[in-house]
Every structure is written in structure tokens, then in C-alpha cells.
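Inspection log for the structure reproduced underneath, given as C-alpha cells.
The values are calculated or read from the model by the stated rules, or taken from the named source; none is laboratory data. For clarity, every value in this text was computed on a predicted model and none was experimentally measured. Positions of Cβ are generated from backbone atoms using ideal geometry, with glycine treated the same way; all protein chains shown enter the neighbour counts.
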Amino acid sequence: MRSSPVGLHRVAEPPGVLPQAAERLDTDPRVHDDEVRVRVERLNLDAASYRQLHTKHGGDPDRIRAEVAEIIETRGKMHNPVTGSGGMLIGVVDEVGPRSPLGLRPGMRVATLVSLTLTPLKITDGLVRWDGRSEQVPAEGHAILFARSIAAELPADLPPELSLAVLDVCGAPALTSRVVASYAAPTVAVLGAAGKSGSLSLAAARRAGAKRTVGVVPNETEAGRLRASGLADEVVLADARDPIALAEAVGGTGADVTVVCVDVPGCEHGAILATASGGTVIFFSMATSFSAAALGAEGLAADVTMLIGNGYVPGHAELALDLLRAEPSLRKIFEDRVETE
């Protein structure tokens, strides 16, 4: 059966939109000639989505689990209607269409590097093995990849849960590296620096030639964790939602590159104010309001370039995994987070 490489044939409603914008996707397990079916082992909800669900349900794990299962069943994908975000998954390749260009083979254990908001997904176990207390979700079912999807074989030298945590945010360090390398010895500030995408971005910035790295965290617990890692030249405490406090914490004339890796809304103006004239802000948070960012920069007369971290840069998976292997302190941050979750 022939199909659209971008998945138009899987859009159940409304017609004429791409899968990410669809209200509901077709999860038929029969593969078209350029598709791949993956047997699902584990989902990884993105941080903004999980935080929103956790807040909405007061941390009640049963209600969180029930809503995630309902979203997937209703929409044929994991697409949080509030945050507009989803996550990614790991699983084993079940079947490969004869015209699939992805280079996958049955039996390969892979991580999907495209969002669950555009991935046809059917869960068959009701998420009964998930305790609802973490972003990583043990699950059974199947997912469909299109010709334009991306997937990476899981590395044999890392536990799958650790690989999943890294690959979920691998676009952040790759884009950070590209932007930092375009400056001559810049100052780089990372908001949410003790988290997954934040710590990877700090490591990438240093490798790409940053002269000074500033890790911004909201509390002393995260500050202690980040100081122990040595990933940032300076660790500062600030609420990223408070523009004046954030700009003062970063100091000087501001950072040449500011990377936003927080999972709460309201950090747009602070990131702009903390960035030097002629600098760049990279928004890697799904909690970002891009209208607030655009209008805020205009209102502040801020001459900054603002980039949306779209999660894909060529070679992003390999770069992130290499950083993890090369930086023991970075690996410890990830291992501690996975263990805690």
C-alpha cells in the first residue's frame, strides 16, 4: 500500500492537516510500504507535559495514569491538549515496509526521535505497570513511523532507560553547540541548568568554545547538584519567571547565548532581558509562549535573535550520547534522575 512520507494518510481528523496538527490519528497496525511498526516498551513524556498533568491532578498517580491512557486512546497519539507536547518512545522494530528509507530491521531496539504528538500510537496494557510518578512510562502496544520519521538504534553500552532520557532531549545540546560555535568565546547562560536538557546544553556549550558558562537554577538543591558536577563556571539561584532577578543573576551586559530549558511558563521576558544586545535566545521549553517572546522582545527594544529548538539537528543523537560518555559528572546527573524517577 502506498502512503504519504509525512503521514497524511494516517490523519483521521480533520482532513488536510499534518499528523502533529491532527486531532486523531489512525493506529491500524498494518504497515504501508514505506512505514515501520515498532513494538512499544517505554514512553518518555516530555517534562512540560508531565508537570502539567502532575499539577492538574495534585500528584495523584492513578489520575495521571488514567488521563495519559485516555489521551492516547482518544487521539491515537500522546498529544497533551494543554501543553501541545508529547515525548518519545523506545521499542523493538516489528515490521518494515519494503520502501521504508529509515534503514531499520526487524528486531532492532530503537528510540524514536520524533515527537509522540505526530506518532500513531496504540497502547494495549492500560499502562498498568506505570506508577504515574515519573516521566518514563512502561507500556505495551505499537507505534507507526513514517518515511520522514527519525529513529536511532539504542546503544549496547548504556542502559535503555538512560539512553531514553538522553535521546529525549538530544536536540538541545546539538543546537546549542551550533549556535555557540558561531560566536567567538561567548558567555552562555542556561536556564534550568540542572535538568536533562540543561546539563547537556552546558556540556555542549563548553565543548563548542564557550568562554564562560552560567547555570541558572531555582533552588539550593539543584544548585548543589550542579556545583558538584562542575559543568558550569558559575551557578546562580534565580526564578526564571522574574525578569529583573534573572538578569541580575546572569550579570554584566548579559549572556551572548541564553538557552531556556525550564518546564514552566512565564520565562520568556527574563530570558530576553538576560541576553546581550546582538545575542541569541534558544527556547527549548515546550512551556514557552512564542507570542509572549516576540512581543516581549519588541517591548524591551531587545536586539536578539530568538530560535525555536525544534528537536532535530543532524547528528543530534550521536552528539548527546558522546557527551554523556565523555563527561562522568553529566552521566551521574542523568543516572541520579533516572534512579529517582
Discussion item. Among the listed residues D263, D256, D233, identify the single one that is among the charged types (D, E, K, R), at pLDDT 95 or above and closer than 20 Å to I308 by Cβ.
Written reply: D256
Item to complete: Might you let me know whether the stretch 248-260 holds any residue that is out of contact with any strand residue (DSSP E or B) (no Cβ under 7 Å at 6 or more places or on another chain), of a type in the set (A, V, I, L, M) and buried (at least 17 other Cβ atoms within 10 Å of the Cβ)?
Response: no
Fill in: Residue that is farthest from T258 (Cα to Cα) [pool: residues in the stretch 153-185 that are assigned to a helix (DSSP H, G or I) and among the polar types (S, T, N, Q)]
S163
Worksheet item: Looking only at residues in the stretch 135-156 that are out of contact with any helix residue (DSSP H, G or I) (no Cβ under 8 Å at 6 or more places or on another chain) and acidic (D, E), which one is farthest from H9 (Cα to Cα)?
Response: E153
Response to the item:
Being within 21 Å of the chain's Cα centre (by Cα) and modelled with pLDDT of 95 or more narrows A204, A274, A238 down to just A204
Worksheet item: Filter the stretch 219-232 for residues that are free of Cβ contacts under 8 Å to residues at least 24 places away in the same chain and under 18 Å from P328 (Cβ atoms); which is surrounded by the most Cβ atoms within 10 Å (Cβ to Cβ)?
Response: R227
Practice prompt. Check H57 against each of (1) buried (at least 17 other Cβ atoms within 10 Å of the Cβ); (2) over 30 Å from G315 (Cβ atoms) and name the one condition it does not meet.
Written response: (1)
Worksheet item: Across the stretch 207-224, what is the number of residues that are more than 22 Å from G279 (Cβ to Cβ), within 21 Å of the chain's Cα centre (by Cα) and part of a helix (DSSP H, G or I)?
Response: 1
Worksheet item: part of a helix (DSSP H, G or I) and over 19 Å from L323 (Cβ atoms): does that describe T117?
Response: yes
Worksheet item: at pLDDT 95 or above, outside the structural domain of S289 (by TED's automatic domain parsing), within 25 Å of G198 (Cβ to Cβ) and buried (at least 20 other Cβ atoms within 10 Å of the Cβ), is that true of T117?
Response: yes
Fill in: Exclusive hit being of a type in the set (S, T, Y), buried (at least 22 other Cβ atoms within 10 Å of the Cβ), in contact with an Asp or Glu (Cβ under 9 Å, 6 or more places away or on another chain) and in the same structural domain as T221 (by TED's automatic domain parsing), set S177, S197
S197
Discussion item. Looking at the stretch 127-138, can you tell me whether even one residue there is part of a loop (DSSP other than H, G, I, E, B), among the aromatic types (F, W, Y) and either touching a strand residue (DSSP E or B) at 6+ places or on another chain (Cβ under 7 Å) or surrounded by 21 or more Cβ atoms within 10 Å (Cβ to Cβ) (or both)?
Written reply: yes
Worksheet item: For residues in the stretch 83-114 being hydroxyl-bearing (S, T, Y) and surrounded by fewer than 23 Cβ atoms within 10 Å (Cβ to Cβ), which is nearest to the chain's Cα centre (by Cα)?
Response: S85
